[in-house]
Amino acid sequence: MANGTASEAVLAGAGVVARRPAESLTAEAWRRFRRHRLATFGAAMLGIMVLAVLFGPFVYRVPINEIDFKAKLKTPSWTHPMGTDDLGQDVLARMLYGGRISLAVGVAAMLIAITVGTAVGALSGQAGGAVDHTLMRVTDLFLALPQLPLLLLIIYLFRDTLKKVLGPEAGVFVMIVVVIGGLRWMPVARLVRAQFLSLREKEFVEAARSLGAPPLRQVIRHILPNALGPVIVAGSLDVAAAILAESTLSFLGLGFPPDIPTWGRILFDAKDNLDFAPHWAIFPGTAIFLTVLSINYLGDGLRDALDPRKVL
């Protein structure tokens, strides 16, 4: 023990500092994320909401469309923890069911936006030249379009057709997801392109290229994995944007039908009774607010955790 202590003292005197084994990238990112308090709060809050909407209907077994005119517009009580609407329907039951749809829309639209944006950005950044110029001009064109009016127009024109083909619920779901996702890919494409333009000149990519790796292998094995950090952050924020877009559509009456209670649809139904039953609007509004806030905090934490230049 004495020899070990003497050796350490000699090394310290010589200016040699013993280092801990280097952390893996995943462990380092997790450590940074855990130290971001708002991000951990957002992750915990979002996890609670996901668990509630997934398993809540199995615990709170109240039919979402059960009409009871004797109990209409009741304030929160032990019988109805979030009160009732103008038809006597239980708001909590409808909130739990509607949360599934709202979150599913957000995740599905995000996946479409990330997939299209990553494909366009990767092709543009890797190919360069005329391909890059053409794809970026198309991206600029989509960015210049007024998204909310275009979203409303497309939903209005095609929702009846899809309802006939896929059914009322599936048709509206597919239409909303595809349109929202199809109007959210442009920022992801520009982000991925910028990452590719930077990474394709790095030494490890040059080494792979000099060893004869084909362009597709360079993209899949070397460039794309190193460009996923910003894409993951953008995807988390796209979930929040998609939830807000779906809520806006439902609030304007162009979303899901009344018997499918998304959070936005519940808000739309409650707007004429704010003076008599404010609880009817407060609970879905709070759910949307907390979900979007949690996802934004989560995105901030992921951005800091996945940024190697960020020191926490």
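The values are calculated or read from the model by the stated rules, or taken from the named source; none is laboratory data. Please read these numbers as outputs of a predicted model, since none were measured by experiment. FYI the Cβ positions are ideal-geometry reconstructions off the backbone, even for glycines, and counts take in every protein chain you see.
You will find that of 233, 239, the residue that is within 26 Å of residue 92 (Cα to Cα) and either buried (at least 19 other Cβ atoms within 10 Å of the Cβ) or in contact with a helix residue (DSSP H, G or I) (Cβ under 7 Å, 6 or more places away or on another chain) (or both) is 239 and no other.
Taking the criterion of being buried (at least 20 other Cβ atoms within 10 Å of the Cβ) and either touching a Gly at 6+ places or on another chain (Cβ under 7 Å) or on the phi > 0 side of the Ramachandran plot (or both), the residues of the stretch 113-129 that qualify are 113, 114. For residue 298, the criteria (1) surrounded by fewer than 19 Cβ atoms within 10 Å (Cβ to Cβ); (2) within 18 Å of the chain's Cα centre (by Cα) hold in every case but one, which is (1). Filter the stretch 58-77 for residues that are over 33 Å from the mean Cα position of the chain (by Cα) and hydrophobic (A, V, I, L, M, F, W, C); which is farthest from residue 277 (Cα to Cα)? Among them, the one singled out is 67. Within the stretch 229-253, the set of residues being over 20 Å from residue 97 (Cβ atoms) and over 20 Å from the mean Cα position of the chain (by Cα) comprises 252 only.
When the residues of the stretch 260-272 are filtered to those that are touching an Asp or Glu at 6+ places or on another chain (Cβ under 9 Å), in contact (Cβ under 8 Å) with a residue 40 or more places away in the chain and not small (Gly, Ala, Ser), which remaining residue is surrounded by the most Cβ atoms within 10 Å (Cβ to Cβ)?
Taking the stretch 260-272 and keeping what is touching an Asp or Glu at 6+ places or on another chain (Cβ under 9 Å), we get 260-264, 266, 269-270, 272.
Next, from what is left, pick out any that are in contact (Cβ under 8 Å) with a residue 40 or more places away in the chain: 260-264, 266, 269-270.
Adding the requirement that they be not small (Gly, Ala, Ser) leaves 260-263, 266, 269.
On the way: 260: 19, 261: 27, 262: 32, 263: 27, 266: 27, 269: 22.
If we take residues in the stretch 260-272 being touching an Asp or Glu at 6+ places or on another chain (Cβ under 9 Å), in contact (Cβ under 8 Å) with a residue 40 or more places away in the chain and not small (Gly, Ala, Ser), then 262 is surrounded by the most Cβ atoms within 10 Å (Cβ to Cβ).
Looking only at residues of the stretch 86-111 that are touching a Lys or Arg at 6+ places or on another chain (Cβ under 8 Å) and of a type in the set (A, V, I, L, M, F, W, C), we find that the one that is nearest to residue 267 (Cα to Cα) is 87. Against the test of being at pLDDT below 85 and either in a helix (DSSP H, G or I) or touching a helix residue (DSSP H, G or I) at 6+ places or on another chain (Cβ under 8 Å) (or both), the options 135, 148 yield a single qualifying residue, 148.
Regarding the stretch 78-85, can at least one residue be identified that is within 28 Å of the chain's Cα centre (by Cα) and farther than 16 Å from residue 269 by Cα?
No, the stretch 78-85 contains no residue that is within 28 Å of the chain's Cα centre (by Cα) and farther than 16 Å from residue 269 by Cα.
Within the set 153, 237, 183, 143, the sole residue that is over 27 Å from residue 300 (Cβ atoms) and aliphatic (A, V, I, L, M) turns out to be 153.
Counting only residues that are exposed (fewer than 15 other Cβ atoms within 10 Å of the Cβ) and among the hydrophobic types (A, V, I, L, M, F, W, C), the stretch 214-227 holds 2 of them. The conditions of being of a type outside the set (Phe, Trp, Tyr), within 20 Å of residue 243 (Cα to Cα) and assigned to a helix (DSSP H, G or I) are met by residue 105.
With 211, 157 as the choices, which residue is over 28 Å from residue 105 (Cα atoms), at pLDDT below 85, out of contact with any Gly (no Cβ under 6 Å at 6 or more places or on another chain) and exposed (fewer than 12 other Cβ atoms within 10 Å of the Cβ)? Step by step, each of 211, 157 is checked, and only 211 is over 28 Å from residue 105 (Cα atoms), at pLDDT below 85, out of contact with any Gly (no Cβ under 6 Å at 6 or more places or on another chain) and exposed (fewer than 12 other Cβ atoms within 10 Å of the Cβ). For the stretch 242-259, residues that are surrounded by fewer than 24 Cβ atoms within 10 Å (Cβ to Cβ) and among the charged types (D, E, K, R) total 1. With the structure loaded, tell me whether residue 275 is of a type in the set (Asp, Glu), at pLDDT below 85 and over 16 Å from residue 46 (Cα atoms) or whether it fails that test. Criteria met by residue 275. For the subset of the stretch 25-58 comprising residues that are in contact with a Ser or Thr (Cβ under 7 Å, 6 or more places away or on another chain) and touching a residue at least 12 places away in the same chain (Cβ under 8 Å), which member is surrounded by the most Cβ atoms within 10 Å (Cβ to Cβ)? Selected residue: 42.
Tell me, which residue of the stretch 168-208 that is assigned to a loop (DSSP other than H, G, I, E, B) and surrounded by fewer than 18 Cβ atoms within 10 Å (Cβ to Cβ) is modelled with the lowest pLDDT? Let's see the steps before the verdict.
Filtering the stretch 168-208 for residues assigned to a loop (DSSP other than H, G, I, E, B) gives 183-185, 200-202.
Among the residues that remain, those that are also surrounded by fewer than 18 Cβ atoms within 10 Å (Cβ to Cβ) are: 201-202.
Working: 201: 74, 202: 77.
Among residues in the stretch 168-208 that are assigned to a loop (DSSP other than H, G, I, E, B) and surrounded by fewer than 18 Cβ atoms within 10 Å (Cβ to Cβ), the one modelled with the lowest pLDDT is 201.
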